[in-house]
Amino acid sequence: MRAGGTSVFVLVLVGTYISLGALSHDLGLPAPWIALSTVLVWAAPAQVIICTALAGGAAPVEVALAVTLSGIRLLPMAVALLPILKAPSTRTRHLVLPAHFTAVSLWIEALRMAPKLPHEKRIAFVNGIGTVFIGLSVVFGLVGYYLAALLPAVLVSALLFVTPMSFLSSAVRNSRLWSDRLATGIGLFVAPLLAWYGIGLDLLWTGIIGGTAAYAIHRVVEATR
(Lines give C-alpha, C1' and ligand atoms only; values in the text may rest on other atoms or scores of the structure.)
Protein backbone atom coordinates (compact mmCIF):
# COMPACT_ATOMS: atom_id res chain seq x y z
CA MET A 1 0.00 0.00 0.00
CA ARG A 2 2.93 2.31 0.67
CA ALA A 3 4.24 1.59 -2.85
CA GLY A 4 0.84 2.44 -4.31
CA GLY A 5 0.51 5.61 -2.28
CA THR A 6 3.89 6.94 -3.46
CA SER A 7 3.39 6.00 -7.13
CA VAL A 8 3.30 8.77 -9.73
CA PHE A 9 0.03 7.26 -10.92
CA VAL A 10 -1.65 8.56 -7.77
CA LEU A 11 -1.43 12.07 -9.22
CA VAL A 12 -2.79 10.80 -12.53
CA LEU A 13 -5.71 9.02 -10.88
CA VAL A 14 -6.53 12.03 -8.70
CA GLY A 15 -6.76 14.29 -11.75
CA THR A 16 -8.63 11.74 -13.84
CA TYR A 17 -11.28 10.94 -11.24
CA ILE A 18 -11.85 14.55 -10.22
CA SER A 19 -12.62 15.13 -13.89
CA LEU A 20 -14.76 11.99 -14.16
CA GLY A 21 -16.71 12.96 -11.06
CA ALA A 22 -17.37 16.42 -12.49
CA LEU A 23 -18.46 14.87 -15.80
CA SER A 24 -20.87 12.53 -14.00
CA HIS A 25 -22.38 15.48 -12.13
CA ASP A 26 -22.84 17.50 -15.32
CA LEU A 27 -24.59 14.55 -17.00
CA GLY A 28 -27.05 14.20 -14.13
CA LEU A 29 -25.84 10.90 -12.67
CA PRO A 30 -26.10 10.45 -8.87
CA ALA A 31 -23.04 10.60 -6.60
CA PRO A 32 -23.16 6.89 -5.59
CA TRP A 33 -22.89 6.01 -9.29
CA ILE A 34 -19.34 7.34 -9.62
CA ALA A 35 -18.23 5.45 -6.49
CA LEU A 36 -19.90 2.17 -7.43
CA SER A 37 -18.78 2.25 -11.06
CA THR A 38 -15.20 2.89 -9.94
CA VAL A 39 -15.21 -0.17 -7.68
CA LEU A 40 -16.96 -2.47 -10.16
CA VAL A 41 -15.65 -1.28 -13.53
CA TRP A 42 -12.28 0.21 -12.50
CA ALA A 43 -11.43 1.68 -15.89
CA ALA A 44 -11.84 5.41 -16.50
CA PRO A 45 -12.32 5.10 -20.30
CA ALA A 46 -15.09 2.54 -19.78
CA GLN A 47 -16.69 4.77 -17.14
CA VAL A 48 -16.65 7.70 -19.56
CA ILE A 49 -18.38 5.46 -22.11
CA ILE A 50 -21.02 4.43 -19.57
CA CYS A 51 -21.90 7.89 -18.32
CA THR A 52 -21.93 9.58 -21.73
CA ALA A 53 -23.88 6.74 -23.34
CA LEU A 54 -26.48 6.57 -20.57
CA ALA A 55 -26.83 10.35 -20.57
CA GLY A 56 -27.31 10.22 -24.34
CA GLY A 57 -30.17 7.74 -24.02
CA ALA A 58 -28.37 4.62 -25.30
CA ALA A 59 -29.91 1.25 -24.53
CA PRO A 60 -28.30 -0.62 -21.60
CA VAL A 61 -27.41 -3.55 -23.87
CA GLU A 62 -25.53 -1.23 -26.23
CA VAL A 63 -23.70 0.36 -23.30
CA ALA A 64 -22.74 -3.05 -21.91
CA LEU A 65 -21.38 -4.12 -25.30
CA ALA A 66 -19.34 -0.94 -25.69
CA VAL A 67 -17.86 -1.33 -22.19
CA THR A 68 -17.04 -4.97 -22.89
CA LEU A 69 -15.19 -4.06 -26.07
CA SER A 70 -13.34 -1.34 -24.16
CA GLY A 71 -12.38 -3.78 -21.41
CA ILE A 72 -10.93 -6.34 -23.81
CA ARG A 73 -7.78 -4.21 -24.03
CA LEU A 74 -7.03 -5.16 -20.41
CA LEU A 75 -7.12 -8.91 -21.07
CA PRO A 76 -3.56 -9.14 -22.49
CA MET A 77 -2.32 -7.19 -19.46
CA ALA A 78 -3.92 -9.67 -17.06
CA VAL A 79 -2.56 -12.60 -19.09
CA ALA A 80 0.94 -11.11 -18.89
CA LEU A 81 0.76 -10.21 -15.18
CA LEU A 82 -0.89 -13.19 -13.50
CA PRO A 83 1.84 -15.76 -14.34
CA ILE A 84 4.35 -13.44 -12.64
CA LEU A 85 2.23 -13.45 -9.48
CA LYS A 86 1.60 -17.19 -9.33
CA ALA A 87 3.52 -19.44 -6.95
CA PRO A 88 3.32 -23.25 -6.81
CA SER A 89 0.79 -23.02 -3.96
CA THR A 90 -1.37 -20.34 -5.64
CA ARG A 91 -5.02 -21.26 -6.18
CA THR A 92 -7.26 -19.78 -8.84
CA ARG A 93 -9.32 -17.87 -6.28
CA HIS A 94 -6.18 -16.01 -5.17
CA LEU A 95 -5.87 -14.47 -8.64
CA VAL A 96 -9.43 -13.12 -8.90
CA LEU A 97 -8.71 -9.87 -7.05
CA PRO A 98 -5.40 -9.11 -8.88
CA ALA A 99 -7.19 -9.76 -12.18
CA HIS A 100 -9.92 -7.28 -11.24
CA PHE A 101 -7.36 -4.72 -10.10
CA THR A 102 -5.47 -4.98 -13.40
CA ALA A 103 -5.56 -1.65 -15.21
CA VAL A 104 -2.83 0.18 -17.08
CA SER A 105 -1.62 2.02 -13.97
CA LEU A 106 -1.42 -1.07 -11.76
CA TRP A 107 -0.04 -3.22 -14.58
CA ILE A 108 2.91 -0.91 -15.19
CA GLU A 109 3.74 -0.60 -11.50
CA ALA A 110 3.32 -4.34 -10.82
CA LEU A 111 5.55 -5.36 -13.73
CA ARG A 112 8.17 -2.93 -12.48
CA MET A 113 8.19 -3.92 -8.81
CA ALA A 114 6.60 -7.36 -8.26
CA PRO A 115 9.36 -9.45 -9.92
CA LYS A 116 11.80 -8.16 -7.27
CA LEU A 117 9.74 -9.79 -4.49
CA PRO A 118 9.52 -13.45 -3.40
CA HIS A 119 6.72 -15.29 -5.21
CA GLU A 120 4.67 -15.83 -2.07
CA LYS A 121 4.45 -12.07 -1.42
CA ARG A 122 3.59 -10.84 -4.90
CA ILE A 123 -0.21 -11.27 -4.81
CA ALA A 124 -0.53 -9.40 -1.50
CA PHE A 125 1.75 -6.67 -2.87
CA VAL A 126 -0.37 -6.16 -5.98
CA ASN A 127 -3.58 -6.26 -3.95
CA GLY A 128 -2.18 -3.49 -1.75
CA ILE A 129 -1.42 -1.27 -4.75
CA GLY A 130 -4.84 -1.97 -6.26
CA THR A 131 -6.64 -1.16 -3.01
CA VAL A 132 -4.88 2.21 -2.74
CA PHE A 133 -5.51 3.07 -6.39
CA ILE A 134 -9.23 2.23 -6.29
CA GLY A 135 -9.73 3.79 -2.85
CA LEU A 136 -8.19 7.11 -3.88
CA SER A 137 -10.13 7.04 -7.16
CA VAL A 138 -13.43 6.64 -5.31
CA VAL A 139 -12.59 9.48 -2.93
CA PHE A 140 -11.49 11.93 -5.61
CA GLY A 141 -14.32 10.93 -7.93
CA LEU A 142 -16.69 12.15 -5.20
CA VAL A 143 -14.54 15.25 -4.67
CA GLY A 144 -14.86 16.06 -8.37
CA TYR A 145 -18.59 15.38 -8.26
CA TYR A 146 -19.22 17.92 -5.50
CA LEU A 147 -16.74 20.44 -6.97
CA ALA A 148 -18.34 20.20 -10.41
CA ALA A 149 -20.02 23.58 -10.14
CA LEU A 150 -16.63 25.21 -9.50
CA LEU A 151 -14.54 23.47 -12.19
CA PRO A 152 -14.42 25.03 -15.69
CA ALA A 153 -15.13 22.71 -18.61
CA VAL A 154 -11.65 23.24 -20.06
CA LEU A 155 -10.05 22.00 -16.83
CA VAL A 156 -12.27 18.91 -16.77
CA SER A 157 -11.20 18.03 -20.33
CA ALA A 158 -7.53 18.67 -19.54
CA LEU A 159 -7.61 16.42 -16.47
CA LEU A 160 -9.07 13.57 -18.52
CA PHE A 161 -6.21 14.01 -21.00
CA VAL A 162 -3.64 13.49 -18.22
CA THR A 163 -4.34 9.74 -18.16
CA PRO A 164 -3.34 8.77 -21.73
CA MET A 165 -0.32 11.09 -21.59
CA SER A 166 0.90 9.47 -18.36
CA PHE A 167 0.47 6.00 -19.86
CA LEU A 168 2.47 7.07 -22.92
CA SER A 169 5.33 8.49 -20.86
CA SER A 170 5.39 5.40 -18.62
CA ALA A 171 5.48 3.09 -21.63
CA VAL A 172 8.46 4.98 -23.04
CA ARG A 173 10.24 5.02 -19.68
CA ASN A 174 9.78 1.27 -19.16
CA SER A 175 10.77 0.24 -22.70
CA ARG A 176 13.56 -2.33 -22.47
CA LEU A 177 14.18 -2.97 -26.18
CA TRP A 178 14.87 -0.55 -29.00
CA SER A 179 12.00 -2.19 -30.89
CA ASP A 180 9.63 -1.10 -28.09
CA ARG A 181 10.71 2.52 -28.52
CA LEU A 182 10.47 2.16 -32.31
CA ALA A 183 6.88 0.92 -32.01
CA THR A 184 6.02 3.94 -29.87
CA GLY A 185 7.65 6.30 -32.36
CA ILE A 186 5.81 4.78 -35.31
CA GLY A 187 2.55 4.98 -33.37
CA LEU A 188 3.10 8.67 -32.60
CA PHE A 189 3.58 9.30 -36.31
CA VAL A 190 0.69 7.13 -37.53
CA ALA A 191 -1.97 8.11 -34.96
CA PRO A 192 -2.38 11.77 -36.04
CA LEU A 193 -2.59 10.73 -39.70
CA LEU A 194 -5.36 8.21 -39.03
CA ALA A 195 -7.24 10.76 -36.90
CA TRP A 196 -6.80 13.45 -39.57
CA TYR A 197 -8.27 11.22 -42.30
CA GLY A 198 -11.11 10.08 -40.06
CA ILE A 199 -10.18 6.39 -40.07
CA GLY A 200 -12.45 4.38 -37.80
CA LEU A 201 -10.87 2.54 -34.84
CA ASP A 202 -7.80 4.73 -35.28
CA LEU A 203 -6.27 3.76 -31.91
CA LEU A 204 -6.59 0.06 -32.72
CA TRP A 205 -5.00 0.52 -36.13
CA THR A 206 -2.23 2.61 -34.61
CA GLY A 207 -1.29 -0.25 -32.31
CA ILE A 208 -1.47 -2.86 -35.08
CA ILE A 209 0.59 -0.81 -37.55
CA GLY A 210 3.17 0.42 -35.03
CA GLY A 211 3.65 -2.92 -33.32
CA THR A 212 3.75 -4.97 -36.53
CA ALA A 213 6.18 -2.60 -38.26
CA ALA A 214 8.52 -2.48 -35.26
CA TYR A 215 8.44 -6.29 -34.93
CA ALA A 216 9.19 -6.76 -38.65
CA ILE A 217 12.09 -4.29 -38.54
CA HIS A 218 13.44 -5.97 -35.40
CA ARG A 219 13.37 -9.38 -37.10
CA VAL A 220 15.15 -8.06 -40.20
CA VAL A 221 17.86 -6.34 -38.15
CA GLU A 222 18.45 -9.41 -35.98
CA ALA A 223 18.62 -11.66 -39.06
CA THR A 224 21.31 -9.50 -40.68
CA ARG A 225 23.60 -9.46 -37.63
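Residues of the stretch 186-225 that are loosely packed, with under 13 Cβ neighbours inside 10 Å and of a type in the set (Gly, Ala, Ser): Ala195, Gly198, Gly200, Ala216, Ala223.
Across the stretch 42-65, the number of residues qualifying as surrounded by fewer than 17 Cβ atoms within 10 Å (Cβ to Cβ) and either in contact with a Gly (Cβ under 8 Å, 6 or more places away or on another chain) or not assigned by TED's automatic domain parsing to the domain that holds Leu155 (or both) comes to 1. Step by step: first the residues of the stretch 124-138, then only those that are over 12 Å from Phe9 (Cα atoms) and in contact with a helix residue (DSSP H, G or I) (Cβ under 8 Å, 6 or more places away or on another chain), then the one that is surrounded by the most Cβ atoms within 10 Å (Cβ to Cβ). Which residue is that? Selected residue: Val126. Within the option set Val126, Val154, being in contact (Cβ under 8 Å) with a residue 40 or more places away in the chain and either in contact with a strand residue (DSSP E or B) (Cβ under 7 Å, 6 or more places away or on another chain) or part of a helix (DSSP H, G or I) (or both) holds for one residue only, Val126. Scanning the stretch 189-202 for residues that are assigned to a helix (DSSP H, G or I) and in contact with a helix residue (DSSP H, G or I) (Cβ under 7 Å, 6 or more places away or on another chain) returns Val190, Ala191, Leu194, Ala195, Asp202.
Screening the stretch 1-63 for helices (runs of 4 or more DSSP H) wholly inside it with 3 or more residues that are in contact (Cβ under 8 Å) with a residue 12 or more places away in the chain, under 13 Å from Val156 (Cα atoms) and out of contact with any Cys (no Cβ under 8 Å at 6 or more places or on another chain) returns the ranges 9-26. Test of understanding: among Pro115, Pro98, which residue is farther than 25 Å from Ala46 by Cβ, touching a residue at least 12 places away in the same chain (Cβ under 8 Å) and not assigned by TED's automatic domain parsing to the domain that holds Ile208? Just one listed residue meets the conditions, Pro115.
The selection criterion, being under 16 Å from Leu136 (Cα atoms), under 18 Å from the mean Cα position of the chain (by Cα) and not β-branched (Val, Ile, Thr), does not hold for Trp33.
For the stretch 168-180, filtered to residues that are in a helix (DSSP H, G or I) and out of contact with any helix residue (DSSP H, G or I) (no Cβ under 7 Å at 6 or more places or on another chain), the residue that is surrounded by the fewest Cβ atoms within 10 Å (Cβ to Cβ) is Arg173.
Would you check which residues across the stretch 85-96 are in a helix (DSSP H, G or I) and surrounded by 15 or more Cβ atoms within 10 Å (Cβ to Cβ) and list them? Result: Leu85, His94, Leu95.
The values are calculated or read from the model by the stated rules, or taken from the named source; none is laboratory data. On a predicted model such as this, the values are computed, not experimentally measured, just so you know. No Cβ is skipped: glycine too gets one built from the backbone with ideal geometry, and neighbour counts run over all protein chains shown.
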